[in-house]
Amino acid sequence: MSQTPRRGFAGLVRALGRGINVARLVIINVVFFGIVLLILGLAFRGAPKVGPDTVLVLRPQGTLVEQYSVDPVARALAHASGQAVGQVRVRDLVAAIDHAAHDPRITRILLDPSGLEFGGMGALEEVGAALERFRATGKPVLAWGTQLGQMQYLLAAHSSKVYLDPAGSIAITGLADYRSYYKGLLDKLGITAHLFRVGEYKSAAEPYILDAPSAAALAADKYWMGGLWQTWLDEVGKLRHIAPATLAQQVDGLPAEIPAANGDVAQLALKLHWVDGLATREQMVTLLQRHGVVTDNGTGFRAVDLGQYLPQTRTPGFGQPEVAVIVAEGDIVSGRQPPGKIGGESTAALIRAARADRNVRAIVLRVDSPGGEAFAAEQIRREVVLAKKAGKPVVVSMGDMAASGGYWISMDASRIFAEPDTITGSIGIFGLYFSAADGLAKLGINTAGEGTTPLAGAFDVRRPLDPALGAMVQSTVDAGYRQFVGHVAAARGMTYQAIDAIAQGRVWTGAQALQRGLVDQLGGLQAAIADAAKDAGLGAGGYTVRYLQPRLGVWQRLLLGAGDSASARALAALGLHLPRAWLTALPRLAPALQLLANAQPGKPVTYAYCFCRIR
């Protein structure tokens, strides 16, 4: 009798063990077959078939970028869950538009830039030029939107016809660069900002030492922003057949015109000839159905979007000489950095790899950067010089911005291309150091001790800055500025005095920089690539363009491929997506990578940086 419960308990344990084993096998099989499905999706993925009379629908969502800064795993999960990545590569849009221009199946483009976030005007120029090339083949581009800002409208203006939703609006306000100033706050906290700079117009750190912009900063900002705004007026005016002066008057008169139109901005835009017509989404579908093939259910038109069409633009060019494009986008910082930042070591390594690759005949450095650490920029500049000495032309293509450190890494190129509305220049250097001795004293905290040398503990934020130490730091900043200007003078074939006169931290537009000899030619990335190929002795069409970037891991490539695969699209069509919570959880699961070098006590860093973003 006493052993019966034990036998019953043993049977329960065995049953539980069998249940756990079955569950384990089920989970293993689910994971295994899930991986098999992903691999099959990669092996048999393909772009959807594009039929005749198809409309290429371009609806970019997020910011135009030169390269993704979003982690590859996050991008893959976003694709698989039906979410927008929030970034659109300029090269992808341009490639799709250029390929569609000569694709007989694509009859027109429908552009909706409503979801595009403003990043800069240089990238818009690249896409706009591609739209113009498409239109030059006789195919129309129709733009339609709901809420268009002035930069979204700049892109839409490159269309054959611009339509606006009757309940929509166009917001054109002009350009502004307003910044917050923190001196008052720092004074209350007892924190002293010590600024070391060279350049009358080098205003990047003024918010920490002033309550408002200096007169020199205001004058410089007014000049370059005025030039940028005039470029916008000239281009939109030309595209919309409105005199730039008239367009400027229209914008200035909006505060009175909108109330006079009873707040109906869409009707006012039609009256001002900013748009060619007002149309709802359904009316746009009807309009396109007149020119294309109606879908089987009669509710739409035959269309293909960017993600579906892009794979068809990729053509292999095995064995051909290459023009390598290296993207330098973001802040310039030391070490190896992921996409979205320019690493002194990682970007230099890419240029070095292109120099060592026998199949690479020329290099194009695509720069979109406000600058950053001076030494990191110098590391990259040295590699540009070495590539040129190795006999490989290095051509710089400036995007939205190539200012301060962004100009530093550009100046020694064989030729420099910029868009008319690129923001560049800002040739100057500054160092910034904070001390909190006064604030600690207010709390009754005093710092005292001994050091073995005058420099020992000199950069302790708890201590006031020694004037002698301040003079030493200023001398190193002065030397850095002389080096910067000297390099520019040598690279541009000008005297030190001539460069110093247009340097001093002053910002220029691409068009203004051309007038002053800081760039060689106005043009976009395609023009820079063609120039590099010509300089390398490569005939038109006798080379391929390859973007050099750090290689992704196998797992990252697998996830990216699966997210874009035919299997993922098929599941999405059935309404099946990865849980959206995955996208929220991913940043928490990934290791936090923080750059602390700029804040390390006792390690002063000099910067070549430009706070010159526009809104």
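The values are calculated or read from the model by the stated rules, or taken from the named source; none is laboratory data. Note that the structure is predicted; figures quoted are calculated from it, not measured. Note: ideal-geometry Cβ built from the backbone for every residue, glycine included; neighbour counts use all protein chains shown.
Just checking, does the range 156-178 include any residue being assigned to a helix (DSSP H, G or I) and under 24 Å from Pro104 (Cα atoms)? Yes, because at least one residue in the range 156-178 is assigned to a helix (DSSP H, G or I) and under 24 Å from Pro104 (Cα atoms). If you go through the range 498-520 and keep only what is more than 22 Å from the chain's Cα centre (by Cα) and not small (Gly, Ala, Ser), you end up with Ile499, Asp500, Ile502, Gln504, Arg506, Gln512, Leu514, Gln515, Arg516, Leu518, Asp520. Here Ser435 clears all of (1) in contact (Cβ under 8 Å) with a residue 12 or more places away in the chain; (2) closer than 26 Å to Gly120 by Cα except the condition numbered (2). For the range 315-357, what are the residues that are at pLDDT 95 or above, of a type in the set (Val, Ile, Thr) and not in a strand (DSSP E or B)? Of everything in the range 315-357, those that are at pLDDT 95 or above, of a type in the set (Val, Ile, Thr) and not in a strand (DSSP E or B) turn out to be Thr347, Ile351. Determine if the range 134-145 includes at least one residue that is within 17 Å of Trp232 (Cα to Cα), touching a Gly at 6+ places or on another chain (Cβ under 7 Å) and buried (at least 19 other Cβ atoms within 10 Å of the Cβ). No - not one qualifying residue is present in the range 134-145.
Among the residues of the range 459-474, are any without any contact (Cβ under 8 Å) to a residue 60 or more places away in the chain, out of contact with any Lys or Arg (no Cβ under 8 Å at 6 or more places or on another chain), of a type in the set (Gly, Ala, Ser) and not in a loop (DSSP other than H, G, I, E, B)?
For the range 459-474, residues without any contact (Cβ under 8 Å) to a residue 60 or more places away in the chain, out of contact with any Lys or Arg (no Cβ under 8 Å at 6 or more places or on another chain), of a type in the set (Gly, Ala, Ser) and not in a loop (DSSP other than H, G, I, E, B): present.
Go through the residues of the range 263-274 one by one and say whether even a single one is closer than 23 Å to Ile97 by Cα, of a type outside the set (S, T, N, Q) and surrounded by 14 or more Cβ atoms within 10 Å (Cβ to Cβ). No; the residues of the range 263-274 include none that is closer than 23 Å to Ile97 by Cα, of a type outside the set (S, T, N, Q) and surrounded by 14 or more Cβ atoms within 10 Å (Cβ to Cβ).
Looking at Ala511, is it surrounded by 24 or more Cβ atoms within 10 Å (Cβ to Cβ) and in contact with a helix residue (DSSP H, G or I) (Cβ under 7 Å, 6 or more places away or on another chain)?
no
The residues of the range 527-550 that are under 21 Å from Leu350 (Cβ atoms) and part of a helix (DSSP H, G or I), listed by number, are Ala528, Ile529, Asp531, Ala532, Ala533, Asp535.
Among the residues making up the range 133-155, a single one is of a type in the set (Val, Ile, Thr) and part of a loop (DSSP other than H, G, I, E, B): Thr137. Of note, Ala266 does not satisfy the criterion of being small (Gly, Ala, Ser), assigned to a helix (DSSP H, G or I) and free of Cβ contacts under 8 Å to residues at least 60 places away in the same chain. Can you find a residue that is within 30 Å of Gly431 (Cα to Cα) and not hydrophobic (A, V, I, L, M, F, W, C) anywhere in the range 121-137? Checked against the condition, which is being within 30 Å of Gly431 (Cα to Cα) and not hydrophobic (A, V, I, L, M, F, W, C), the range 121-137 yields at least one hit.
Among the residues that make up the range 469-484, is at least one of them in contact with a helix residue (DSSP H, G or I) (Cβ under 8 Å, 6 or more places away or on another chain) and within 30 Å of Lys534 (Cα to Cα)? Yes, there is a match, as at least one residue in the range 469-484 is in contact with a helix residue (DSSP H, G or I) (Cβ under 8 Å, 6 or more places away or on another chain) and within 30 Å of Lys534 (Cα to Cα). Somewhere in the range 483-497, is a residue within 30 Å of Asp412 (Cβ to Cβ), of a type in the set (D, E, K, R) and either surrounded by 14 or more Cβ atoms within 10 Å (Cβ to Cβ) or over 34 Å from the mean Cα position of the chain (by Cα) (or both)? Looking through the range 483-497, at least one residue is within 30 Å of Asp412 (Cβ to Cβ), of a type in the set (D, E, K, R) and either surrounded by 14 or more Cβ atoms within 10 Å (Cβ to Cβ) or over 34 Å from the mean Cα position of the chain (by Cα) (or both). If I filter the range 336-385 down to residues being basic (Lys, Arg) and over 15 Å from the mean Cα position of the chain (by Cα), which single residue comes out as farthest from Gly399 (Cα to Cα)? Once the filter is applied, the top-ranked residue is Arg358.
Within the range 187-225, being touching a residue at least 40 places away in the same chain (Cβ under 8 Å), in a helix (DSSP H, G or I) and of a type in the set (A, V, I, L, M) holds for Leu189, Ala220, Met225.
Those helices (runs of 4 or more DSSP H) of the range 358-448 in which at least 1 residues are surrounded by 21 or more Cβ atoms within 10 Å (Cβ to Cβ) and in contact with a Gly (Cβ under 9 Å, 6 or more places away or on another chain), considering only elements entirely within it, cover 374-389, 405-408. Among the conditions (1) within 22 Å of Lys139 (Cα to Cα); (2) modelled with pLDDT of 95 or more, Thr280 misses just one, which is (1).
Quickly run through the range 386-417 and pick out the residues that are under 23 Å from Val360 (Cα atoms), of a type outside the set (S, T, N, Q) and within 16 Å of the chain's Cα centre (by Cα).
The answer is Met398, Gly399.
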